[in-house]
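A.B. asks: I have a structure here, written as structure tokens, and I will follow up with some questions on it.
The values are calculated or read from the model by the stated rules, or taken from the named source; none is laboratory data. These figures come from a predicted structure and were not determined experimentally. As a convention, Cβ positions derive from the backbone with ideal geometry for all residues, glycine included, and neighbour counts pool all protein chains shown. Note: accessible area is taken over every heavy atom of the protein model, side chains too, but ligands, DNA and RNA are not part of it. Shrake-Rupley method; radii C 1.70, N 1.55, O 1.52, S 1.80 Å.
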Amino acid sequence: MSTLEALSALACNLRWQDCDAQVQQRVRWIVADTVAAMVGGSAEPEMRALSAARAVTGRCMMLGIGTGADAESAAMVNGSAGTFLELDEGNRFARGHAGVHVIPAALAACETSGADADTFLVAVLAGYEVCSRIAAHSRLRDGVHPHGTWGTLGAAVAAGRIAGIGPQPMARLIGIASSLMTATSKRTMLEGGLVRNVYAGLANRNGLLALQLLQAGFDSELDGLRSLFGAVLSERFDEAALLASLPQGDPHGPGTQWHVMHNYFKLHACCRYNHGVLDALDLLAAQQLLPAADEVERIEVTTYDLAAELSDPAPRNTLAAKFSVPFAVATRLVHGNSGVRSFGWEAVRDPRVRSLATRVQLHEDAAMTRSLPQERPARVVLHLRNGATRTAETSFNRGDEASPYTDSELTFKFTDLCMRAWPRTHAERVLVATLALGREVAMADWLRLLRHPPTD
């Protein structure tokens, strides 16, 4: 069986009712966290302008905006909003963000088709598992940003599963979606090119388009998955390892390793590669050893290669700030936290932050780089003006399964983000409903909550 056939079989053979209860609840939390990221991101002025340009009479919602659109527009806007604040969940083995590439497309497909909650949830699981496994066993070229690439396949798989297609059409669908991935550039994130925030939106839109093309009779090359990841976007595609990672026989059998169980959630409102450094500063704060910004002479940061690449001390806008270790360290010390406001325009323009960022020295440690993806290490040494030093080191990022956030921390994040567009009481109702989706809460009732928030 080819890799394409095996992934298609996995996507079509998953049964929600047979999934372990822990897997089911992790999927619900991933949906909840992604909803919060989309609603929170919708409040940004660029997203308000984009959604206004896309608003039409349609049955699919743009979350947090309160207006409808056609399925493709809604999926694009929601996917774009979900990445705007850099708070969308991710998967450490995939080295990217599967949820925000799958859920907007699945949501729009369900709104269009009237599918039930179990169908929605298993579609999210199928899309997540397929695209994250492809990502885990490929190596994108150095200049490629992962957003908008393999996530397109996850969006297409989710849409295909909601449409009820079988393994052979699913294989053709993945092939078509492979040719609809975008040539994304890593420089956009490093230089603050806001077009980068649309990459995940395009992946969701193109996933839905791939299904429309399949249903209209279009086809792909014989194995688009192999050619795109074996020669075009990726430097390496280890199909043998990917096949070995798949469940043998029943995907619900004992020993199944679900990628959703290796996801991570984010509380720092910036690129994941900053998080080890920020976790180290949080350790100092917990010990009451974090100095005031004006007490610091210079800061040494040692970490792995992908984090050391985020070296710009003077980011030009809020997106570039989220991809700068010097800025992340400086704004954490100046503002006392690493939330949304600490990476907003006021923080970017704050002379105290900009001055301190120039005093951050960033280095790669080859041993730390070799520890990826099992670890995401960082070491921070604060050199104070009085000659003293403060040091902290981390191996695992908070939010990984090795150091998970508590439900109360994730609940606070959900409410805090959703309150950028919704009243607190409504945000709380939506979270409760999302975590009970498919059990006590039907899909239609959940969609009604998302589509018509009260104004009280």
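A.B. asks: Could you rank HIS252, HIS363 by how accessible they are, 1.4 Å probe, largest area first? Don't skip to the answer; put the middle values down first.
C.D. replies: Working: HIS252 35, HIS363 80 Å².
Reading off the accessible areas and sorting them downward yields HIS363, HIS252.
A.B. asks: In the chain, carbon and sulfur make up what percent of the accessible area (probe 1.4 Å)? Show your work: numbers first, answer last.
C.D. replies: Details: 8820 of 17090 Å².
The value for the chain is 52 percent carbon and sulfur by accessible area.
A.B. asks: Taking amide H atoms as placed 1.01 Å from N in the peptide plane, list the residues 5 or more away in sequence, or in a different chain, whose amide H sits under 5 Å from that of GLN361.
C.D. replies: ILE299, GLU300, VAL301
A.B. asks: Report the FRET efficiency, 1/(1 + (r/R0)^6), for SER355 and VAL441, where r is their Cβ-Cβ distance and R0 is 56 Å, rounded to 0.05. Walk me through the numbers on the way to the answer.
C.D. replies: Working: r = 50 Å, r/R0 = 0.90.
Calculated value: 0.65.
A.B. asks: Next question, about the same structure. Obtain the nm distance between the two label points defined at LEU289 and ASN13 by a simple spin-label model: each point lies 7 Å from its Cα along the Cα-to-C-beta direction.
C.D. replies: Calculated label separation equals 5.2 nm.
A.B. asks: At a Förster distance of 45 Å, what's the computed FRET efficiency of SER113 paired with LEU306, Cβ-Cβ distance as r, to 0.05? Intermediate values should be presented prior to the final figure.
C.D. replies: Numbers: r = 39 Å, r/R0 = 0.87.
With R0 = 45 Å, the Cβ-Cβ based efficiency is 0.70.
A.B. asks: If eta is 1.306 mPa s and T is 10 °C, what Stokes-Einstein diffusion coefficient results for region 259-345, Kirkwood Rh from Cα pairs, in µm²/s?
C.D. replies: Once the numbers are plugged in, D ends up at 118 µm²/s.
A.B. asks: So between ALA314 and LEU384, what do we pick up on full extension, going 0.36 nm a residue minus the alpha carbon distance?
C.D. replies: Details: separation 70, 0.36 × 70 = 25.20 nm, distance 2.20 nm.
The span from ALA314 to LEU384 would gain 23.0 nm if fully extended.
A.B. asks: Residue-wise, which Karplus ³J(HN,Hα) couplings in Hz belong to region 269-279, taking 6.51 cos²θ - 1.76 cosθ + 1.60, θ = phi - 60°, and x for glycine or proline?
C.D. replies: So the J values, rounded to whole Hz, are 8, 7, 3, 4, 5, 7, 5, x, 5, 5, 4.
A.B. asks: Let me ask something else. For the chain, give me the percentage of DSSP beta bridges that are antiparallel, rounded to the nearest 5 percent.
C.D. replies: Values: 23 of 29 bridges.
Counting DSSP beta bridges with both partners in the chain, the antiparallel share is about 80 percent.
A.B. asks: For region 180-196, what does the Karplus curve 6.51 cos²θ - 1.76 cosθ + 1.60, with θ = phi - 60°, yield as ³J(HN,Hα) per residue in whole Hz, taken in order and with x for Gly and Pro?
C.D. replies: Values per residue, Gly and Pro as x: 9, 5, 9, 7, 8, 10, 5, 4, 4, 6, 6, 9, x, x, 4, 4, 4 Hz.
A.B. asks: Consider all pairwise Cα distances in the chain and report the whole-number % of them above 37 Å.
C.D. replies: On the way: 23249 of 103740 pairs.
The proportion of pairs with Cα distances above 37 Å equals 22 percent.
A.B. asks: Read phi for every residue in region 361-368 and hand back ³J(HN,Hα) as whole Hz from Karplus 6.51 cos²θ - 1.76 cosθ + 1.60, θ = phi - 60°, with x for Gly and Pro.
C.D. replies: After applying 6.51 cos²θ - 1.76 cosθ + 1.60, I find 9, 10, 9, 8, 10, 4, 5, 5 Hz.
A.B. asks: Scan around GLU235 for amide H atoms under 5 Å from its own, H built in the peptide plane at 1.01 Å from N, and keep only partners 5 or more places away or cross-chain.
C.D. replies: Hits under the 5 Å cutoff: ARG139, LEU140, ARG141.
A.B. asks: Based on alpha-carbon centroids, what's the gap between region 17-83 and region 125-204 in Å, whole number please?
C.D. replies: When both Cα centres are located, 17 Å separates them.
A.B. asks: Hey, another quick one. Leaving out ligands and nucleic acids, and using a 1.4 Å probe, what accessible area per residue does region 127-267 come to in Å²? Spell out each step's value before the answer.
C.D. replies: On the way: 5150 Å² over 141 residues.
Roughly 37 Å² per residue, with all protein chains present.
A.B. asks: Next question, about the same structure. Using a Förster radius of 41 Å, what is the FRET efficiency between MET261 and ALA240 based on their Cβ-Cβ separation? Nearest 0.05, please. Don't jump to the answer; show the numbers that get you there.
C.D. replies: On the way: r = 23 Å, r/R0 = 0.56.
So, using R0 = 41 Å, E works out to roughly 0.95.
A.B. asks: By how many nm would the segment from LEU372 to GLU346 grow when fully extended, if each residue of separation counts as 0.36 nm and the alpha-carbon distance is taken off? Write down the numbers at each step before the final one.
C.D. replies: Numbers: separation 26, 0.36 × 26 = 9.36 nm, distance 3.40 nm.
So the extension gain works out to 6.0 nm.
A.B. asks: Can I ask one more? Which shape class applies to region 154-308: rounded if a/c is under 1.5, otherwise prolate when a/b exceeds b/c and oblate if not, where a ≥ b ≥ c are the square roots of the Cα gyration tensor eigenvalues? Intermediate values should be presented prior to the final figure.
C.D. replies: Details: a/c = 2.58, a/b = 1.92, b/c = 1.35.
Judged from the Cα gyration tensor, region 154-308 comes out prolate (a/c at least 1.5, a/b above b/c).
A.B. asks: Tell me whether region 334-392 comes out rounded, prolate or oblate; compute the Cα gyration tensor, take square roots of the eigenvalues as a ≥ b ≥ c, and use a/c under 1.5 as the rounded threshold.
C.D. replies: Values: a/c = 2.38, a/b = 1.39, b/c = 1.71.
It is oblate, given that a/c is not under 1.5 and a/b is not larger than b/c.
A.B. asks: Also, quick follow-up: Amide H of VAL144: which non-local residues (sequence gap of 5 or more, or other chain) have their own amide H closer than 5 Å, using H built in the peptide plane?
C.D. replies: LYS186
A.B. asks: State, to one decimal in nm², a quarter of the convex hull surface area for the C-alpha atoms of region 177-222, i.e. the direction-averaged projected area.
C.D. replies: Numbers: hull surface 14.2 nm².
One quarter of the hull surface, i.e. the mean projection, equals 3.5 nm².
A.B. asks: Using mean Cβ contacts within 10 Å as the protection proxy, how do 82-93, 379-390, 127-138 order, highest first? Write out the running numbers ahead of the final one.
C.D. replies: Numbers: 82-93: 25.2, 379-390: 15.0, 127-138: 26.8.
Put in order of decreasing packing, that is 127-138, 82-93, 379-390.
A.B. asks: Could you do me a favour and compute the accessible area per residue for region 290-434, 1.4 Å probe, result in Å²?
C.D. replies: On the way: 6460 Å² over 145 residues.
Per-residue accessible area for region 290-434 comes out at 45 Å².
A.B. asks: Further question: Accessible area per residue, 1.4 Å probe, Å², for region 40-95: what's the number? Don't jump to the answer; show the numbers that get you there.
C.D. replies: Working: 1720 Å² over 56 residues.
The answer is 31 Å² per residue.
A.B. asks: Oh, and also: Would you calculate, for the chain, the mean residue ellipticity at 222 nm contributed by helices, counting each DSSP H stretch of 4 or more residues as -39,500 (n - 2.57) and dividing by all residues, to the nearest 500? Could you put the intermediate results ahead of the total?
C.D. replies: Details: 22 runs with 232 residues, N = 456.
So the calculated ellipticity at 222 nm is -15000 deg cm²/dmol.
A.B. asks: May I ask for the distance between the Cα centers of region 325-348 and region 369-428, given as a whole number of Å?
C.D. replies: 13 Å
A.B. asks: Based on alpha-carbon centroids, what's the gap between region 240-283 and region 100-119 in Å, whole number please?
C.D. replies: The two parts, judged by their Cα centres, are 23 Å apart.
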